[in-house]
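Structure first, then comments.
The values are calculated or read from the model by the stated rules, or taken from the named source; none is laboratory data. Keep in mind the model is a prediction, meaning the values are calculated, not measured. Heads up, the Cβs are rebuilt from the backbone with ideal geometry, glycines too, and the neighbour counts pull from every protein chain shown. Surface accessibility is based on the protein's heavy atoms, side chains included, excluding ligands, DNA and RNA. Shrake-Rupley method; radii C 1.70, N 1.55, O 1.52, S 1.80 Å.
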Amino acid sequence: MVHKLLKELFSWGKTIVFSLAIFIVISIFVFQPYTVNGSSMEPTFIGTDPYDEEQKGDRVFVSKSSYKLFGEPKAGDIIVIDSRTYKPRTLVDELKEHPLVAIFKESPDNYKWIKRVIGEPGDRLELKQGTLYRNGEELNEDYIFEGMDGSFEAITVPEDHVFVLGDNRNHSGDSRMIGTIPYENIVGKVMVRYFPFNKLNLF
């Protein structure tokens with residue numbers, strides 16, 4: 001009887017360990033959930049508010065394999081980046097950010113930002129009196145929260161980099177602050193918003 005029970009427990013244990021291993025591999029290399037923080041992507045996404053515990057941030061699934069398998073980032077893509085552009089991402093970063101590890105963290109990884117790709121490699125971007133130009137043509141952006149204040153001098157996006165901005169332009173830390181984003185600092189592409197359920201949407 002005891003032998004049979006131990007055998008059954010061992011069988012269940014193997015199943016649980018195998019399932020956890022599959023979950024870890026998928027969330028490191030394929031898909032990972034992400035909760036939007038802050039207001040920098042309004043109105044596209046609503047983020048958590050540190051002053052309002054009742055406001056829940058939109059939750060999205062991020063594909064971590066899209067750009068490895070299906071080509072490079074394109075203008076208009078919404079991506080999650082590692083804003084520490086001085087520090088190449090490693091497998092250790094992926095492990096530290098795993099949802100199972102995140103359970104034991106007191107605060108989210110504030111260096112991971114959700115932004116929109118505005119410029120691809122070779123693109124020339126310039127902001128003149130609140131109007132954004134890409135390769136000399138004015139961008140028509142119906143997704144932004146409001147017109148962008150200020151100006152910045154023309155910049156050409158380097159090879160294997162993207163230029164990103166938040167949709168809430170006047171309240172966003174982005175490439176205007178940290179520069180262009182190396183491909184290796186792109187965590188993944190936002191594919192779907194799954195919460196709140198009434199705002200379910202593919203991107």
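So here's what we get for this one:
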quantity	calculated
Exposure ranking of F152, F145 by accessible area [1.4 Å probe, largest first]	F145, F152
Relative contact order of the stretch 44-196, pairs being alpha-carbon contacts under 8 Å that are 6 or more residues apart, as %	33 percent
Solvent exposure ordering (accessible area, 1.4 Å, most first) of D149, D58, D77	D149, D77, D58
Heavy atoms of I144: accessible area, 1.4 Å probe, square angstrom to 10	40 Å²
Heavy atoms of R134: accessible area, 1.4 Å probe, square angstrom to 10	70 Å²
Accessible area, probe 1.4 Å, largest first, for residues M177, M191	M177, M191
When the stretch 148-203 is reduced to its Cα atoms, the Kirkwood hydrodynamic radius in Å	13.6 Å
Only Lys, Arg (+1) and Asp, Glu (-1) charged, at Cβ; the stretch 129-196 dipole about Cα centre in debye	240 debye
Accessible area (Å², per residue) of the stretch 94-203, counting only protein heavy atoms and a probe of 1.4 Å	56 Å²
Accessible carbon and sulfur surface of the stretch 56-203 relative to its total accessible area, %, 1.4 Å	53 percent
Greater than 30 Å apart at Cα, pairs in K64/K128; K74/K96; K56/K115; K87/K115; K87/K199	K64/K128; K87/K199
